[in-house]
Amino acid sequence: MDSTIITVIAAIVALLIGIIAGKIIFNKNTAKLVEDAEAQAERIIKDGQTQAETLKEKKLLEAKEKFLQLKSEHEKDVFQRTQKLTEAENRTKQKEKELSDKTQLAQKQVQEYDVKKQNLDRQLEVVSKKQEELGKQHEEHIKKLEKVANLKAEDAKKELIEAITNEAKTDAMAHVQEIVEEAKLKAGKEAKRIIIQTIQRTAAETAIENAITVFNLESDDIKGQIIGREGRNIRALEAATGVDLVVDDTPEAIILSSFDPLRREIARLSLQRLVQDGRMHPARIEEVVEKTRKQIEEQVMEIGERTVIELGVHGLHKELVRMVGRMRFRSSYGQNLLMHSRETANLCAIMAAELGLNPKLAKRAGLLHDIGKVPDEETELSHALLGAKLAEKYGEHPSVVNAIGAHHDEMEMQYIISPIIQACDAISGARPGARREIMQSFIQRIKDLETLAMGYAGVEKAYAIQAGRELRVMVEAEKVTDSESEKLSFEIADKIQKEMQYPGQIKVTVIREKRAVNIAR
């Protein structure tokens with residue numbers, strides 16, 4: 001028991017001793033830490049003061065540099081402004097000096113003018129006095145003459161003027177009559193010389209295109225392929241092109257017959273492609289014919305461009321160029337229209353040059369004088385008036401427009417080149433073998449046949465074939481029934497019989513074809 005108490009007491013005493021000792025040690029450490037913190041704070045304050053002084057000096061230096069820079073710029077600006085003001089002041093002084101010199105000069109000139117005016121006034125007074133004296137002397141002289149001749153001066157003057165006038169009129173009339181007679185004689189000779197020389201200097205072709213084209217074959221075996229099973233290929237070709245294909249015993253040849261050269265050319269090229277390709281059936285035929293039509297349109301443009309380049313006609317509108325190309329596939333009274341227009345253009349240029357006129361303008365009018373014969377759409381206007389309208393539409397010179405419209409006396413001639421175009425057109429058409437009236441009337445009859453058929457509702461295409469002995473009319477299956485087809489055939493035949501004149505008879509065939517096409521995918 002006693003030992004336990006002693007042990008407790010000893011533990012308490014030891015604990016107290018430890019607490020006291022720890023407190024003493026803590027107080028010592030705390031004091032040391034405080035001293036260290038105070039020393040570090042002093043160091044930080046000193047460093048801060050040092051950095052602040054450095055920064056302050058740096059900023060002061062920067063401010064001084066900025067001030068010096070601004071000051072320099074300001075001084076430079078002030079100097080420039082001062083220099084400009086000085087220059088402006090110098091210019092003002094110079095102008096003032098010039099103005100002062102001009103003023104002095106003007107004053108001097110005014111003084112000289114005053115002196116000259118005074119001299120002139122004195123001279124005019126002298127002249128006036130002399131005129132008065134001369135007038136008095138003239139009057140005295142006239143009075144003396146009147147006394148001698150017993151005739152007043154006015155009457156004498158009138159008689160003299162009348163006598164001289166009558167004599168001059170008589171001489172002038174005789175002279176004018178001589179000039180007129182001589183001019184008529186010379187004009188007739190000169191006109192004949194110009195026309196003959198113009199004709200001789202133009203070498204023109206007089207070949208006339210026929211209404212058929214011969215298509216040559218490598219062998220007669222191809223004829224069967226062209227005809228097709230039960231004639232379906234040849235019917236498809238005729239329906240698509242409007243050309244009559246004559247397959248006879250002629251060896252290695254097929255005849256393409258049509259009044260329209262353009263159709264014959266399309267049929268010839270299409271047949272050539274089909275024969276080379278080897279595939280020939282109705283659908284393929286229609287496809288090739290359509291492609292050929294587009295190719296012909298490009299060819300027409302190329303022909304027109306080549307023609308205007310060869311003739312030296314520049315600045316022509318592209319539509320007029322296309323119409324010039326279309327002339328290649330048209331004829332005028334059996335004469336190729338493009339050859340006729342080229343010939344007329346050359347004749348016009350030569351004649352205009354002989355007469356001292358503009359040959360380029362005359363050549364332009366000569367080339368375009370028949371463009372009214374190749375319109376895109378049929379109209380009721382004559383080809384001369386239609387051609388003038390087209391030329392005016394596409395910006396041609398008024399003299400060219402007037403020459404086109406007046407070359408058949410359907411418009412009044414307003415320019416000197418108009419009668420030249422009319423004369424050259426007649427010269428070109430009057431060449432031996434140039435034209436055939438019978439061919440033209442035949443072509444016109446064929447065109448009238450097709451136009452008559454196209455006037456009925458539901459008609460899609462109409463082609464006159466067999467030299468006009470047969471009219472094939474293609475109708476739209478959706479608009480015309482089978483029974484209506486028979487009625488349409490009868491009506492067209494009856495109208496042809498009543499309204500047209502033709503030799504022999506004309507067969508009217510109305511074709512109605514219904515196609516059902518589907519695609520398997």
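Computed extension length for K158-L61: 23.3 nm, one decimal, from 0.36 nm per residue of separation with the Cα-Cα distance subtracted. Working note: Debye formula, equal point scatterers on the alpha-carbon atoms of the stretch 448-489, no solvent; log10 I(q)/I(0) at q = 0.31 Å⁻¹ is -1.11.
Give the average over all directions of the projected area of the C-alpha convex hull of the stretch 443-521, one decimal, in nm². All intermediate terms of the calculation are to be shown ahead of the outcome.
Details: hull surface 25.1 nm².
Reported value for the Cα convex hull: 6.3 nm².
With R₀ fixed at 45 Å, the C-beta to C-beta distance from M500 to N358 puts the FRET efficiency at about 0.45.
Return the FRET efficiency for the residue pair Q276, A172: r is the Cβ-Cβ distance, R0 is 60 Å, and the value is rounded to the nearest 0.05. The partial results should precede the final answer.
Working: r = 82 Å, r/R0 = 1.36.
Plugging the Cβ-Cβ distance into 1/(1 + (r/R0)^6) gives 0.15.
Each of M474, A464, A520 was scored by the projection of its Cα onto the charge dipole of the stretch 454-521, and the greatest displacement toward the positive side belongs to A520; charges sit on the C-beta of Lys, Arg, Asp and Glu. The phi-based Karplus calculation (6.51 cos²θ - 1.76 cosθ + 1.60; θ = phi - 60°) puts the 3J(HN,Hα) values of the stretch 119-134 at 4, 5, 4, 4, 5, 5, 4, 5, 4, 4, 4, 5, 4, 4, 5, 5 Hz, whole numbers, x for Gly and Pro. According to the square roots a ≥ b ≥ c of the eigenvalues of the Cα gyration tensor, what is the shape class of the stretch 1-113, taking rounded for a/c under 1.5, prolate for a/b larger than b/c otherwise, and oblate for the remainder? Taking the square roots of the gyration eigenvalues as a ≥ b ≥ c, the stretch 1-113 is prolate. With all protein chains kept in place, the per residue accessible area of the stretch 213-279 amounts to 47 square angstrom at a probe of 1.4 angstrom. Residues within the reach of a label modelled at V214 (point 7 angstrom out along Cα to beta-carbon, backbone nitrogen below 11 Å), restricted to the stretch 243-261, are 250-255. Close amide-amide hydrogen proximity is noted between D370 and no other residue 5 or more places distant or on a separate chain, at a cut-off under 5 Å (H modeled in the peptide plane; Pro and chain starts excluded).
Loop-located GluC sites (Glu not before Pro) in the stretch 354-405 (DSSP state other than H, G, I, E, B) with a sparse environment of at most 10 neighbouring Cβ atoms within 10 Å: E377, E378, E380.
The values are calculated or read from the model by the stated rules, or taken from the named source; none is laboratory data. Quantities reported herein were computed from a predicted structural model and do not represent experimental measurements. Cβ coordinates were reconstructed from backbone atoms using ideal geometry, including for glycine residues, and neighbour counts include every protein chain displayed. Ligands, DNA and RNA are excluded from the accessible area calculation, which covers all protein heavy atoms including side chains. Shrake-Rupley method; radii C 1.70, N 1.55, O 1.52, S 1.80 Å.
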